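Below is one structure, written out as structure tokens; comments come after it.
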Amino acid sequence: MTGVVVVGAGTMGRAIAAGFARSGERTLLVSSDPASARPAPTGVELVGALPEEPPAMVVEAIPEDLALKTAFFRSVEARYGPDSVPLMASNTSGLPLQDIADRLARPDLFLGIHWFHPADELPMVESVRVAETAPATVDTALALLRAAGWDSIVVPRPVPGAVVNRLQHAILHEAYHLMAEGLASVEDIDRAARWLLGPRMCIAGLLKQKDLAGLTGHILAQRSIVPDLCHDAEPNEAVQAMLERGETGALAGRGFYDWDGRDARAEIAAAAVRLRRLIAHLDDPA
């Protein structure tokens, strides 16, 4: 077959499959238990196993376990044989891609493609090469992504967190430090991000915004600010403790905010609608 196969019918896998299906590409979503899985997104075929004929690309969106992901890609190779292996893409956000590639017979056909939640709404992904990834593999993957409406940055080698998560965690690491020092509350940080950082980044990005504002002040400010930033090499202890207490976000009833008595699913859906409107506005050249 042609088209794309997405393996893993969780939230991310379903959204990735929905994005590919929008382009008219034949899209299969593989679930370990299709009988009890939620209905597939529009245009997506829900199945229980890889198809007999190799697709153009297999995208893995299964749990973040290195052994599990490695075994899966080896099973793809075994399914189709060395001369018919499709492009193989892992959606992992943190596991070492090169470790997976080192255990494959066709690492030239392997790369990371990292989507962000919600994957069917955000118009960009990260594509990450391993040492053996062939140029043709990247070209074909980018063409499939573009056809589905996703732009991509290409990261030339694996690094933990790739680009976006490294930027995001750098900001969050400092945010947690500010909270621990009593310098800002959760609400303060979110208000600052929404109304000060966010709008400028939406319009001009991170670095172009500095060009537009002029670099002199920024460069001089670095001399006093950077030495005083949080340089701890360990994850924030208070945030790690939230996981132990089960405070894992809106659907759990508590995260950084108390969600008790609130319709978390409705707020998640409303946030997705607002995000869609924002992206549509940013895409308007006017």
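Could you please find all residues in segment 131-170 being in contact with a Phe, Trp or Tyr (Cβ under 8 Å, 6 or more places away or on another chain) and small (Gly, Ala, Ser)? Once the filter is applied, which keeps residues that are in contact with a Phe, Trp or Tyr (Cβ under 8 Å, 6 or more places away or on another chain) and small (Gly, Ala, Ser), segment 131-170 yields only Ala148.
Listed here are the residues, each with its yes/no results for (1) more than 21 Å from the chain's Cα centre (by Cα); (2) over 22 Å from Val128 (Cβ atoms); (3) not assigned by TED's automatic domain parsing to the domain that holds Met124.
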{"position": "Ala9", "(1), (2), (3)": "no, yes, no"}
{"position": "Asp33", "(1), (2), (3)": "yes, yes, no"}
{"position": "Pro51", "(1), (2), (3)": "yes, yes, no"}
{"position": "Phe73", "(1), (2), (3)": "no, no, no"}
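Just so you know, in segment 133-174 the residues that are among the aliphatic types (A, V, I, L, M), touching a Lys or Arg at 6+ places or on another chain (Cβ under 9 Å) and not in a helix (DSSP H, G or I) include one that is farthest from Asp108 (Cα to Cα), and it is Ala148. Taking the conditions (1) without any contact (Cβ under 8 Å) to a residue 40 or more places away in the chain; (2) small (Gly, Ala, Ser); (3) surrounded by fewer than 14 Cβ atoms within 10 Å (Cβ to Cβ) in turn, Ala40 satisfies each one other than (3). Is it the case that Ser185 is in contact with a helix residue (DSSP H, G or I) (Cβ under 9 Å, 6 or more places away or on another chain), among the hydroxyl-bearing types (Ser, Thr, Tyr) and assigned by TED's automatic domain parsing to the domain that holds Gln168? In short, yes.
Find the residue count for segment 255-286, including only residues that are free of Cβ contacts under 8 Å to residues at least 40 places away in the same chain and under 23 Å from the mean Cα position of the chain (by Cα). Qualifying residue count for the region: 14.
Among the candidates Leu46, Leu111, Leu97, single out the residue that is farther than 30 Å from Arg166 by Cα and either out of contact with any Asp or Glu (no Cβ under 8 Å at 6 or more places or on another chain) or crowded, with 24+ Cβ neighbours inside 10 Å (or both). Let's see the steps before the verdict.
Values: Leu111 fails: farther than 30 Å from Arg166 by Cα; Leu97 fails: farther than 30 Å from Arg166 by Cα.
Going through Leu46, Leu111, Leu97 in turn, just one is farther than 30 Å from Arg166 by Cα and either out of contact with any Asp or Glu (no Cβ under 8 Å at 6 or more places or on another chain) or crowded, with 24+ Cβ neighbours inside 10 Å (or both): Leu46.
Inside segment 49-74, can you point out the residues that are under 24 Å from Leu145 (Cα atoms) and surrounded by fewer than 19 Cβ atoms within 10 Å (Cβ to Cβ)? Correct list: Ala49, Pro51, Glu52, Glu53, Ala56, Pro63, Glu64, Thr70, Arg74.
For segment 183-192, name all the residues that are closer than 20 Å to Val164 by Cα and either in contact (Cβ under 8 Å) with a residue 12 or more places away in the chain or in contact with a strand residue (DSSP E or B) (Cβ under 9 Å, 6 or more places away or on another chain) (or both).
Correct list: Ile189 only.
Look at segment 175-196 and say how many of its residues are hydroxyl-bearing (Ser, Thr, Tyr) and either part of a helix (DSSP H, G or I) or modelled with pLDDT under 95 (or both).
Filtering segment 175-196 down to residues hydroxyl-bearing (Ser, Thr, Tyr) leaves 176, 185.
Going one step further and asking which of them are either part of a helix (DSSP H, G or I) or modelled with pLDDT under 95 (or both), we end up with 176.
Looking only at that region, the number is 1.
Comparison of Leu28, Leu111 shows that the only residue that is assigned by TED's automatic domain parsing to the domain that holds Val130, under 18 Å from Ala131 (Cβ atoms), without any contact (Cβ under 8 Å) to a residue 40 or more places away in the chain and of a type in the set (A, V, I, L, M, F, W, C) is Leu111.
Could you grab me the full set of residues in segment 197-244 that are part of a helix (DSSP H, G or I), of a type outside the set (A, V, I, L, M) and within 30 Å of His281 (Cα to Cα)? Explain how you work it out, then say what you get.
Looking only at segment 197-244, we keep the residues that are part of a helix (DSSP H, G or I), and these are 197-204, 207-213, 215-228, 237-244.
Subset that is of a type outside the set (A, V, I, L, M): 198-200, 202, 208-211, 216-218, 222-224, 227-228, 237, 240, 244.
If the condition is that a residue be part of a helix (DSSP H, G or I), of a type outside the set (A, V, I, L, M) and within 30 Å of His281 (Cα to Cα), then Gly198, Pro199, Arg200, Cys202, Lys208, Gln209, Lys210, Asp211, His218 are the ones that fit.
Return the residue satisfying two criteria in turn: it lies in segment 6-26 and is in contact with a strand residue (DSSP E or B) (Cβ under 6 Å, 6 or more places away or on another chain) and among the small types (Gly, Ala, Ser), and of such residues it is nearest to Asn91 (Cα to Cα). Give the derivation first.
Of segment 6-26, the ones in contact with a strand residue (DSSP E or B) (Cβ under 6 Å, 6 or more places away or on another chain) are 6-7, 9, 13, 16-17, 20-21, 25.
Still in the running and among the small types (Gly, Ala, Ser): 9, 13, 17, 21.
Numbers: Ala9: 13, Gly13: 9, Ala17: 12, Ala21: 17 Å.
Checking each candidate, the answer is Gly13.
Restricting segment 115-159 to residues that are out of contact with any strand residue (DSSP E or B) (no Cβ under 8 Å at 6 or more places or on another chain) and among the acidic types (Asp, Glu) leaves a set whose member that is surrounded by the most Cβ atoms within 10 Å (Cβ to Cβ) is Asp120.
The values are calculated or read from the model by the stated rules, or taken from the named source; none is laboratory data. The model shown is predicted, which means the values in this text are computed figures rather than measured ones. Note: ideal-geometry Cβ built from the backbone for every residue, glycine included; neighbour counts use all protein chains shown.
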